[in-house]
Protein chains: 2
Amino acid sequence: MAEILLYHKLLEFPLFLGMKHKDIMELVAHTRFGFMKEDANKTIVEADSPCDSIIMLVNGQIESITASADKNFMVEEVFNSPFTLQPENIFGMTQRYTSTFRTSTKSHFITISKQELCILIDKFDTIKFNYLNMLAALVQKKQRATWLPNGTDTRSHIITFLTSHCIRPSGHKVYHILMNRLAEEVNTSRLEVSRELNKMQEEGLVTLARGRITIPFLERFVTL
Amino acid sequence: MAEILLYHKLLEFPLFLGMKHKDIMELVAHTRFGFMKEDANKTIVEADSPCDSIIMLVNGQIESITASADKNFMVEEVFNSPFTLQPENIFGMTQRYTSTFRTSTKSHFITISKQELCILIDKFDTIKFNYLNMLAALVQKKQRATWLPNGTDTRSHIITFLTSHCIRPSGHKVYHILMNRLAEEVNTSRLEVSRELNKMQEEGLVTLARGRITIPFLERFVTL
């Protein structure tokens with residue numbers, strides 16, 4: 001019974017997409033999974049800590065906090081299950097999380113150690129190619145975004161800044177950033193940024209507080 | 001004799017890094033490689049054409065041409081062997097080259113079809129993990145670049161634009177872009193961009209012509 005539940009949960013994640021029934025039943029029977037239950041407001045991983053396992057949110061809601069390299073601004077995002085915490089950081093040069101993740105509700109996680117993941121990659125072609133495709137798709141998404149036009153006005157530049165500085169360019173975000181810094185990032189004056197953000201607030205797109213820009217739905221900007 | 005040469009050539013590429021002597025000799029003996037010799041000024045791949053093989057430049061020099069999504073500006077880069085043409089595009093959502101590549105001197109290439117590559121990934125753990133690490137490293141590099149400060153003046157913003165709009169942020173580049181468009185990209189006036197680029201020309205960092213910015217060594221900017 002527990003195995004059947006696990007089977008259904010795993011199939012919600014891109015890593016297991018398209019696996020044959022027989023294969024996933026075998027996987028469930030022979031893989032050492034970790035299971036984690038956490039209350040709200042618990043830190044799951046800290047930014048800069050080693051990324052040595054796949055952590056999958058199977059129930060609940062979590063928040064990420066990502067800081068700029070100089071720690072002068074940061075972005076909070078919200079994710080609901082199913083969500084995998086930075087699977088791109090388990091390989092590569094810097095095998096560390098770049099964001100902090102904490103629970104915003106009671107949450108359930110399934111974890112797979114890197115060692116166990118390597119066994120799965122070895123054993124199941126689907127998992128191997130899902131992983132390769134997932135990483136390649138991330139590179140391609142970032143490449144494509146770079147070569148899009150930046151727009152001709154301050155609002156477009158603010159939107160480019162917001163949509164590039166997050167893990168997923170949709171959903172609820174809170175940017176902790178001073179107007180001065182945002183003005184530097186988009187190469188304009190503090191006054192101009194303030195004027196534009198206030199217009200966006202009047203249009204109901206953002207809510208402003210000192211050092212904080214709250215955005216209920218970032219995807220709304222994409223169609224502007 | 002030919003196999004020994006091939007063996008040494010392959011070991012120059014990240015994909016085969018760290019392979020055991022025994023494994024690479026087996027690989028050389030059993031893999032169907034393609035070999036290509038081209039004169040100067042031949043197109044090797046066109047942007048948007050399907051990426052269904054690994055193409056490795058083993059001798060000579062090639063140029064890439066990458067255009068913006070709206071085709072309003074483009075960047076030329078130069079690469080010497082050993083160089084692999086966009087190995088990130090053989091997997092993922094968009095299995096197409098995003099740049100055009102052509103020879104600038106007489107050049108030799110080794111090619112491996114995707115089908116053959118999948119056999120190698122399956123057979124040799126080192127190749128599988130080299131590929132996963134290579135793709136993950138590309139994602140991490142792009143993520144890191146995003147979160148660096150953009151600087152507080154027009155020159156920093158121009159440099160961020162230049163270093164983000166290329167395949168490799170070092171070496172010789174030619175940007176085909178009008179001052180107006182560059183001004184839009186960095187959110188300032190045409191006059192301001194023109195003034196800054198002329199200062200950079202006086203300092204010997206760039207050479208300007210109508211619609212063209214030539215940079216002998218892009219890496220010089222990184223230490224500015």
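The values are calculated or read from the model by the stated rules, or taken from the named source; none is laboratory data. Small disclaimer: the values here were computed from a predicted structure and weren't measured. Methodologically, a virtual Cβ is constructed for each residue, glycine included, from the backbone with ideal geometry; neighbour enumeration extends over all protein chains shown. Keep in mind that these areas ignore ligands, DNA and RNA; they rest on the heavy atoms of the full protein, side chains included. Shrake-Rupley method; radii C 1.70, N 1.55, O 1.52, S 1.80 Å.
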(request) Quickly run through segment B:58-82 and pick out the residues that are free of Cβ contacts under 8 Å to residues at least 40 places away in the same chain and of a type outside the set (Gly, Ala, Ser). (result) B:ILE65, B:ASP70, B:LYS71, B:ASN80
(message) Looking at A:GLU76, A:GLU88, can you tell me which residue is part of a strand (DSSP E or B), modelled with pLDDT of 95 or more and not basic (Lys, Arg)?
(response) A:GLU76
(request) Report yes if B:ILE55 is assigned to a strand (DSSP E or B), under 14 Å from the mean Cα position of the chain (by Cα), touching a residue at least 12 places away in the same chain (Cβ under 8 Å) and surrounded by fewer than 19 Cβ atoms within 10 Å (Cβ to Cβ), otherwise no. (result) no
(message) Please go through segment A:131-173 and give me each residue that is of a type outside the set (Gly, Ala, Ser), open to solvent by less than 30 Å² (accessible area, probe 1.4 Å) and touching a helix residue (DSSP H, G or I) at 6+ places or on another chain (Cβ under 8 Å), ordered by number.
(response) A:TYR131, A:LEU132, A:LEU135, A:VAL139, A:GLN140, A:THR154, A:ILE158, A:ILE159, A:PHE161, A:LEU162, A:HIS165, A:LYS173
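Which one of these is within 12 Å of chain A (Cβ to nearest Cβ) and modelled with pLDDT of 95 or more: B:ASN187, B:ASN150, B:ASN198, B:ASN133?
Being within 12 Å of chain A (Cβ to nearest Cβ) and modelled with pLDDT of 95 or more holds for just one of B:ASN187, B:ASN150, B:ASN198, B:ASN133, which is B:ASN133.
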(message) One residue is enough: does segment B:74-89 have a residue meeting the conditions more than 30 Å from B:ALA40 (Cβ to Cβ) and among the polar types (S, T, N, Q)?
(response) no
(message) Filter segment B:70-79 down to the residues that are touching a Ser or Thr at 6+ places or on another chain (Cβ under 9 Å) and open to solvent by 60 Å² or more (accessible area, probe 1.4 Å) and list them by number.
(response) B:MET74
(request) Sort out which residues of segment B:58-69 are surrounded by fewer than 17 Cβ atoms within 10 Å (Cβ to Cβ) and either away from chain A (no Cβ under 14 Å) or at pLDDT below 95 (or both), and write them in order of number. (result) B:ASN59, B:GLN61
(request) Report the residue count in segment A:126-149 for those that are under 26 Å from A:ALA67 (Cα atoms), within 23 Å of the chain's Cα centre (by Cα) and free of Cβ contacts under 8 Å to residues at least 40 places away in the same chain. (result) 12
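Before we move on, is B:MET93 over 23 Å from B:GLY171 (Cα atoms) and either of a type in the set (S, T, N, Q) or not in a loop (DSSP other than H, G, I, E, B) (or both)? Spell out the reasoning first.
Values: over 23 Å from B:GLY171 (Cα atoms): yes; either of a type in the set (S, T, N, Q) or not in a loop (DSSP other than H, G, I, E, B) (or both): no.
So B:MET93 fails the test.
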(message) For segment A:104-125, give me the residue count where each residue is in contact (Cβ under 8 Å) with a residue 24 or more places away in the chain, part of a helix (DSSP H, G or I) and buried (at least 19 other Cβ atoms within 10 Å of the Cβ).
(response) 2
(message) When you check A:GLU196 against the structure, is it open to solvent by less than 40 Å² (accessible area, probe 1.4 Å), in contact (Cβ under 8 Å) with a residue 24 or more places away in the chain and among the acidic types (Asp, Glu), yes or no?
(response) yes
(request) Give B:ARG220, B:ARG195 a once-over and let me know the one that is in a helix (DSSP H, G or I) and farther than 29 Å from B:TYR97 by Cβ. (result) B:ARG195
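Yes or no, residue by residue, for (1) among the basic types (Lys, Arg); (2) within 24 Å of A:GLY204 (Cβ to Cβ):
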position: A:ALA136; (1), (2): no, no
position: A:ARG144; (1), (2): yes, no
position: A:MET179; (1), (2): no, yes
position: A:SER189; (1), (2): no, no
(message) Being more than 26 Å from B:LYS128 (Cβ to Cβ) and within 9 Å of chain B (Cβ to nearest Cβ) is the filter here; which residues of segment A:70-93 pass it?
(response) A:ASP70, A:ASN72
(request) For segment B:96-125, name all the residues that are polar (S, T, N, Q) and over 16 Å from the mean Cα position of the chain (by Cα). (result) B:THR105, B:SER107, B:THR111, B:SER113, B:GLN115
(request) Consider A:LYS128 carefully, then state whether it is of a type in the set (Lys, Arg), within 12 Å of another protein chain (Cβ to nearest Cβ) and crowded, with 18+ Cβ neighbours inside 10 Å. (result) yes
(message) Residue under question is B:GLN140, and the condition is that it be part of a helix (DSSP H, G or I), at the interface with chain A (Cβ under 8 Å from one of its Cβ atoms) and among the polar types (S, T, N, Q); does it hold?
(response) yes
(request) Please enumerate the residues belonging to segment B:30-52 that are under 15 Å from B:SER104 (Cα atoms), open to solvent by less than 70 Å² (accessible area, probe 1.4 Å) and either without any contact (Cβ under 8 Å) to a residue 24 or more places away in the chain or under 16 Å from the mean Cα position of the chain (by Cα) (or both). (result) B:ILE44, B:VAL45
